[in-house]
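A short worksheet on the structure shown next.
The values are calculated or read from the model by the stated rules, or taken from the named source; none is laboratory data. Given the structure is predicted, the values throughout are model-derived calculations rather than measurements. Here Cβ is always computed from backbone atoms with ideal geometry, including for glycine, and neighbour counts include all displayed protein chains.
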Amino acid sequence: MKKPVLTIVVPCYNEEEVFLETAKQLTAVLEDLLDEHLIAAESKILFVDDGSRDRTWSLIEKESETNPFVTGLKLSRNFGHQKALLAGLETAKNYSDCVISIDADLQDDVSVIREFVVKYWEGFDIVYGVRRSRKTDTFFKRATAQGFYRFMRKMGIHLVYNHADFRLMSKRALEELSRYSEANVFLRGIVPLLGFRSTEVLYDRKGRFAGESKYPLKKMLAFAFDGMTSFSVAPIRFITFIGFLSFLLSSAAGIYALIVKLLGHAESGWTSLMISIWFIGGLLLMSIGLIGEYIGKIYQEVKRRPRFTIEENLYSRQMEHELSL
Ligand code: UDP
Ligand code: MG
């Protein structure tokens, strides 16, 4: 087998505090892999600046001038982690044989990148990095994440347990991924659908090297909700079920009320009336809201808007130059 061109894609949003350290550690990893003849010399680290408001992009540009491994892609604004990652993958796949995605904050163990590459040599198209433990995450993050996986599984969406977006994908897996053109990308849900030979590599997840999480609770909830409604119609079915149940219960209550009235013991009836109005009202609102959520998704999908916009692309320029030599 020919030595593969590897590109490591790193989405960055306001990561000036960690950028230099991340670049340093990933460069060391690539150098070792080169020494071992596991990757081709054109291998790169592609930093995707997701519309950072700090100095991240200028740091990437500066580093790329001196470090031949480092290159960058600048999005025109903040598109969010998933889309930044997608922009990186789509750009990298044109020039690479395999691509590894990793977060900028060094929470994922860079030393397992070597294992990913070894698995690629063994013929795997997708290698998932799976966290062995989450001791460094807060109890809250751990509990919500755990609940999320369980809930998704219940709804028939199979995610790789304890896997974030730290993975290797081969060129053909990436090409297949490109055909999933949905606007709401939830990579963790899509990648397992691609098929191909895949495997997992265990690692320990660390705390953030510096800076703070760009995933506050609000974004985390939005992410979970997106993942759920993009992949499953189970919530709609659940609502239908609840509606049916409440219909049965209300009918029984209605028959009971009728019997009481016929027997002549009728109360003023205010309490039961109020309760049922509120109950049905709540149920209807909930259902409409949920259905609206799906309609919103359809609306977004049919617009076929671009998922990201690239403002500057140091990478393609550089690769075209290198590959033409
Ligand atoms: N990120 C991004 N765009 C965003 C938010 C985050 O590109 O709008 C990047 C961020 O720079 C990091 C990765 O996505 O490399 C994961 O974010 P973070 O570490 O803040 O999330 P957490 O690990 O806390 O879930
Ligand atoms: Mg992180």
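Might you let me know whether the range 193-201 holds any residue that is within 19 Å of Q82 (Cβ to Cβ), away from ligand 2 (no atom under 16 Å from the Cβ) and outside any strand (DSSP E or B)? Yes, because at least one residue in the range 193-201 is within 19 Å of Q82 (Cβ to Cβ), away from ligand 2 (no atom under 16 Å from the Cβ) and outside any strand (DSSP E or B). For the range 37-51, residues that are touching a helix residue (DSSP H, G or I) at 6+ places or on another chain (Cβ under 8 Å) and in a loop (DSSP other than H, G, I, E, B) total 6. Applying the condition of being touching a helix residue (DSSP H, G or I) at 6+ places or on another chain (Cβ under 8 Å) and assigned to a helix (DSSP H, G or I) to the range 8-24 and asking which residue is farthest from N94 (Cα to Cα) yields E16.
The residue of the range 155-178 that is farthest from E200 (Cα to Cα), among those that are charged (D, E, K, R) and touching a residue at least 40 places away in the same chain (Cβ under 8 Å), is E175. Exactly one of these conditions fails for V117: (1) away from ligand 1 (no atom under 15 Å from the Cβ); (2) in a helix (DSSP H, G or I); (3) within 22 Å of G80 (Cα to Cα). Give me its number. Looking at each condition in turn, V117 falls short on (3). Here L73 passes the criteria (1) outside any loop (DSSP other than H, G, I, E, B); (2) crowded, with 23+ Cβ neighbours inside 10 Å; (3) within 16 Å of ligand 2 (Cβ to nearest atom) except the one numbered (3). With respect to the stated conditions, A104 fails to be within 15 Å of ligand 1 (Cβ to nearest atom), in a helix (DSSP H, G or I) and at negative phi.
Only residues that are in a helix (DSSP H, G or I), within 14 Å of ligand 2 (Cβ to nearest atom) and either touching a Lys or Arg at 6+ places or on another chain (Cβ under 8 Å) or more than 21 Å from W57 (Cβ to Cβ) (or both) were counted across the range 78-101, and they come to 1.
Looking only at residues of the range 106-136 that are within 13 Å of ligand 2 (Cβ to nearest atom) and out of contact with any strand residue (DSSP E or B) (no Cβ under 9 Å at 6 or more places or on another chain), we find that the one that is modelled with the highest pLDDT is L106. When restricted to residues that are under 21 Å from G189 (Cα atoms), surrounded by 13 or more Cβ atoms within 10 Å (Cβ to Cβ), hydrophobic (A, V, I, L, M, F, W, C) and over 17 Å from the mean Cα position of the chain (by Cα), the range 116-153 contains 2.
For beta carbons closer than 7 Å, sequence separation of 6+ or different chains, a first residue in the range 24-53 that is among the acidic types (D, E) and a second that is part of a helix (DSSP H, G or I) and within 16 Å of ligand 1 (Cβ to nearest atom), the qualifying pairs are D49/T56; D49/W57; D49/I60; D50/A84.
Listed by first and then second residue, the pairs linking a residue in the range 233-254 that is under 15 Å from G281 (Cα atoms) to a residue that is of a type in the set (A, V, I, L, M, F, W, C) and in a helix (DSSP H, G or I), with Cβ atoms under 6 Å apart and 6 or more places separating them unless they lie on different chains, are I239/L290; S246/L283. Within the range 69-82, being over 27 Å from I39 (Cβ atoms) and more than 8 Å from ligand 1 (Cβ to nearest atom) holds for S76, R77.
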